[in-house]
Amino acid sequence: MGLYEKLVRPLAFLLNPEAAHEIALGWVASGMFECRVPHDARLAVEAFGISFANPVGLAAGFDKDALAVDWWDALGFGHCEVGTVTLRPQPGNPKPRLHRLPKDRALINRMGFNNAGAHALRLRLEAAWPHLPVGINLGKNRDTPLGEAAKEYAALYRTLAPLGAYFVVNVSSPNTPGLRSLQEPEALREIVRAIRSEKPRKPLLIKVAPDLDEPSLDAVVELALDEGLDGIVATNTTVSRQGLSRDPGLEGGLSGKPLQPLADAALARLARGSSGRLALIGVGGVFDADDAWRKIALGAHLVQLYTGWVYGGPKTVARILNGLLERMEREGVRSLDEVRGSAL
């Protein structure tokens, strides 16, 4: 074990999870962390018209307000996704709202889209100098009626469109009442069309829940293809408690290792249904190079992690990238394109 596992993580885990998160984010934003990471053309990925130095990204939720976008590349990330951002600032759900389950290498959160709002995010991104593609994850304010969601998503996109490399419509968080109903094709189509009516046109993806059944996943693929979307993020957190050593009786979305089977199954279904016509981002249970490889083999163009980074520490991405290169060497693979979809 390294210094992080021996000393830093045990000390950090003595703190309230949300306080520890804020301290870690502050350290990253100050440039305190930097790792020796591989820069190898074999790891490069092209997806929805964007070049990525490698397939490993930071999932939405960790750097909601883009506090550290200038530094994520120093830790090896090939992209980061900021947000979820809402049109107006909101405090999120009452605390405590983030819980660790170390035995299961998992987190349960019911954050509720706590963020400083679109205007603040715009100002921060305008002042930033990121060295990697920055995606923006869009969400609905809690008090906005569902019937007005499409109008709000369009206004949110309009505010931030010049500043994001790509955008993700988040209608799959379990922590905003009624939000997941917007995954229904009719409601989702209205949101997508409202955003697509805005300029400039940027790559647009949908983030889906791992709890959708197969017909619902198929319907999302059909809608994405019909509306000319660029991809799907699979997946958000789950309301299931399957895979836990015990149910702690906490509300919120579960992430980490227990999410992995559900997220992988959803990713594989989406990959089969889209047959390479959509870019897929695999999220859920990514802790090491084997996890990243498996996601790519199931059809992912990119992978993202959050909980895996919390448990693994600052060197996690470097270890994943080195592990991918080692496996590519062993198997005689020249690019990740050769791996993608091989497990389907």
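If you go through the stretch 255-276 and keep only what is in contact (Cβ under 8 Å) with a residue 60 or more places away in the chain and either out of contact with any helix residue (DSSP H, G or I) (no Cβ under 9 Å at 6 or more places or on another chain) or part of a helix (DSSP H, G or I) (or both), you end up with K257, P258, L259, A268, L270, A271, R272, G276. Restricting A268, A263 to residues that are closer than 22 Å to F113 by Cβ and either among the aliphatic types (A, V, I, L, M) or more than 17 Å from the chain's Cα centre (by Cα) (or both) narrows the list to A263.
Every condition in (1) assigned to a strand (DSSP E or B); (2) out of contact with any Cys (no Cβ under 8 Å at 6 or more places or on another chain) is met by T144 except one, and the failing one is (1). Quick check on the stretch 285-292. Is at least one of its residues modelled with pLDDT of 95 or more, surrounded by 23 or more Cβ atoms within 10 Å (Cβ to Cβ) and outside any loop (DSSP other than H, G, I, E, B)? Yes. Within the stretch 6-22, the set of residues being under 18 Å from P102 (Cβ atoms) and at pLDDT 90 or above comprises N16, P17, E18, A19, A20, H21. From the list L107, L87, L125, the one residue that fits, being within 14 Å of Y306 (Cα to Cα) and among the aliphatic types (A, V, I, L, M), is L107. Starting from the stretch 161-187, take each residue that is closer than 15 Å to I50 by Cα and list its partners that are of a type in the set (K, R) and in a helix (DSSP H, G or I), counting only C-beta distances under 8 angstrom and pairs at least six apart or across chains. What qualifies is L163/R122. Yes or no: R100 in contact with a helix residue (DSSP H, G or I) (Cβ under 7 Å, 6 or more places away or on another chain), within 18 Å of G252 (Cβ to Cβ) and outside any loop (DSSP other than H, G, I, E, B)? Yes; evaluated as a whole, the condition is true for this residue.
If you filter the stretch 317-332 down to residues that are free of Cβ contacts under 8 Å to residues at least 60 places away in the same chain and touching a helix residue (DSSP H, G or I) at 6+ places or on another chain (Cβ under 8 Å), you find that the one that is surrounded by the fewest Cβ atoms within 10 Å (Cβ to Cβ) is E326. In the stretch 133-163, the residue that is modelled with the highest pLDDT out of those that are over 18 Å from L205 (Cβ atoms) and of a type in the set (A, V, I, L, M) is A155.
The values are calculated or read from the model by the stated rules, or taken from the named source; none is laboratory data. Note that the structure is predicted; figures quoted are calculated from it, not measured. Virtual Cβ from ideal backbone geometry, glycine too; neighbours counted across all protein chains shown.
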